[in-house]
1. If I ask for residues that are within 7 Å of chain A (Cβ to nearest Cβ), under 16 Å from A:Gly64 (Cα atoms) and either crowded, with 19+ Cβ neighbours inside 10 Å or in contact (Cβ under 8 Å) with a residue 60 or more places away in the chain (or both), which ones from segment B:32-52 would you list?
2. Looking only at segment A:150-163, how many residues end up being surrounded by fewer than 19 Cβ atoms within 10 Å (Cβ to Cβ) and among the aliphatic types (A, V, I, L, M)?
3. Within the set of pairs 6 or more residues apart or between chains, which connect a residue that is free of Cβ contacts under 8 Å to residues at least 12 places away in the same chain inside segment B:166-180 to a residue that is of a type in the set (A, V, I, L, M) and in a loop (DSSP other than H, G, I, E, B) with Cβ atoms less than 8 Å apart?
4. Can you pull out every residue in segment A:127-156 that is of a type in the set (D, E, K, R) and within 25 Å of B:Thr133 (Cβ to Cβ)?
5. Quick one: is B:Leu283 modelled with pLDDT of 90 or more, closer than 17 Å to B:Asn152 by Cα and either within 12 Å of chain A (Cβ to nearest Cβ) or surrounded by 14 or more Cβ atoms within 10 Å (Cβ to Cβ) (or both)?
6. Where in segment B:179-271 are there strands (runs of 3 or more DSSP E), lying fully within it, with 1 or more residues that are among the hydrophobic types (A, V, I, L, M, F, W, C) and farther than 23 Å from B:Asp150 by Cβ?
7. For segment B:263-292, what are the residues that are more than 18 Å from B:Arg135 (Cα to Cα), out of contact with any Phe, Trp or Tyr (no Cβ under 7 Å at 6 or more places or on another chain) and of a type in the set (A, V, I, L, M, F, W, C)?
8. Considering only segment A:18-40, state which residues are more than 14 Å from chain B (Cβ to nearest Cβ) and either among the charged types (D, E, K, R) or within 11 Å of A:Leu60 (Cβ to Cβ) (or both).
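The values are calculated or read from the model by the stated rules, or taken from the named source; none is laboratory data. Since we're looking at a predicted model, the values are computed, not measured. Every residue, glycine among them, receives a Cβ derived from its backbone with ideal geometry; neighbour counts consider all protein chains shown.
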Amino acid sequence: MDADDPSPLLAHYLAKREDLKRYFTLRLRSPEAAEDLVQDMYLKISGAPPGEIDNPSAFLFRLGSNLMLDRLKSQRRSTARETGWRAVTVSTLAGHDVADEPAADAAAAARQRLGQMIEALNDLPPATRRAFRLHKLEGLSHAQTAEAMGVSRSSIEKHISAALKHLFKRLAD
Amino acid sequence: MTTIGEDMSSAEGQAIGWIVRLHAGDAAESDWRDLETWLAEHPSHLDAYERVESLWAELDTMAAGIAPRLADDSLPQAQILPFARPERTAAKAGAKRRAARAWAPWAGVAGLAGAAAVAALVLAPAVPTAYATGRGETRHVVLKDGTKVDLNAGSRITVSFDGHARRVQVDDAEASFDVAHDAARPFLIAVGDQQIRVVGTQFNVRRRDAGLTLTVSRGVVEVRPLAGGEAPPVRLTAGDQLARRDGDAASTVSHVAAAEAFAWREHRLICHACTLGTLAGDLNRAFVTPIDVEANARPLTFSGVLVLDNEDAVVGRLAAFLPIKADRTGTRIVLSSTR
């Protein structure tokens, strides 16, 4: 393949670039931030190994959204709550890694937040919690979760919506 | 579901619907366009969407902390057991009762048969779950206990947890494990004719072509024959790498730069005198277009770091280092020696 013969994904990107920029301008409330993000997407696409992608246009929107969330997460990571939460998690693993002890109050707040999240999830009916676990924690699609649980796709959608509504009501600021 | 939506603004309820739909795994471009239209309709829509998305993203960062502490969710029809297992402590049983009370108001909503559901809480069954990746696909999974697994392309593992042990069967696969500490339940990996026993540690398992390469980057693991026997287990600590082929009487253990074994997670392949035959196996998992290596080129060796960015570029780099040429025949790439 020649250098001037772009991969199918790259060709899609070039064709959809303006659509992506318009969508992310709306999401980020800033044309400059959207332009940055769409640039980053180009770097990701041109550097990644090609996989079989069923629906390249939807993939591009998802990729952009994930990049946007990664930025959000790294911003949050600098906040006390995030730092504290990570240390709490690490200390439950092998016990070797707890090097940066966060301030005690930040760690306590993080532990409390995690505790609230778990408590809220444990109040769900088991089938809803199972659907949530398989989909959100183990990364199965709705179709795969439906197959694993032996129920219809639409009931998985209902379980995930119910779980998220419940968590949102209990936890969102 | 009448009780949960009532005190939620309709924008938030709709935003949840969007998030769920777009993460279902088969969202189409039209779904994203519909979302764009909805977001543009009213400023409150974007505000609501951001709040829900923020929670959704926060759940990802907490996944490893959440997974081990979720209450049992085994399905009612999966098992009926006459006696509770002796190792279940009173405290645990108490937690189950609290959980049962907590979801009781939901029972009608979810349509669960109460008695069967309560019976199910007695025992967490070992229902095996398979995780697999195709060509050019890698996957990050957080297991129930908080253990994190990264699966390389073209890999398959099966996981089953019960009250006694966490068991993983590694078939043809390469995977990195960051195992959550649980002194009560050892983490046991069956691979080829060996068993890897873990307490809490990080390591990479490569199971290809009846061979095993195990590299430990943190903590301690033990390896012993699946069949048991008299010999003491081989104990590996950080930086150790064990290599063997099925049926070998003994394994080779060497000290290595452990980070190299994890390079595949950054789409890099590190070779120390790898034959082209072996290398082709990795490339064929990482990329979509099949690569065939002619017999005259299979023994050629390559040393160095290959960045797995793009199949044509990788083949081009190999051709620059080795006396080979690459021919495209229809949908395949054929590498042959030019000597």
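1. Matches in segment B:32-52: B:Trp32 only.
2. Let us first name the residues in segment A:150-163 that are surrounded by fewer than 19 Cβ atoms within 10 Å (Cβ to Cβ), namely A:150-155, A:158.
Now restrict to residues that are among the aliphatic types (A, V, I, L, M): A:151.
The total comes to 1.
3. none
4. The first filter runs over segment A:127-156 and keeps only residues of a type in the set (D, E, K, R), leaving A:129-130, A:133, A:136, A:138, A:147, A:153.
Within segment A:127-156, A:Arg130, A:Arg133, A:Lys136, A:Glu138, A:Glu147, A:Arg153 meet the criteria.
5. Values: modelled with pLDDT of 90 or more: yes; closer than 17 Å to B:Asn152 by Cα: yes; either within 12 Å of chain A (Cβ to nearest Cβ) or surrounded by 14 or more Cβ atoms within 10 Å (Cβ to Cβ) (or both): yes.
Against the criterion (modelled with pLDDT of 90 or more, closer than 17 Å to B:Asn152 by Cα and either within 12 Å of chain A (Cβ to nearest Cβ) or surrounded by 14 or more Cβ atoms within 10 Å (Cβ to Cβ) (or both)), B:Leu283 qualifies.
6. Numbers: elements: B:187-191, B:194-198, B:202-208, B:211-218, B:220-225, B:234-237, B:240-245, B:252-255.
Filter on segment B:179-271 gives B:234-237, B:252-255.
7. Once the filter is applied, which keeps residues that are more than 18 Å from B:Arg135 (Cα to Cα), out of contact with any Phe, Trp or Tyr (no Cβ under 7 Å at 6 or more places or on another chain) and of a type in the set (A, V, I, L, M, F, W, C), segment B:263-292 yields B:Ile270, B:Ala273.
8. A:Glu32, A:Glu35, A:Asp36, A:Val38, A:Asp40
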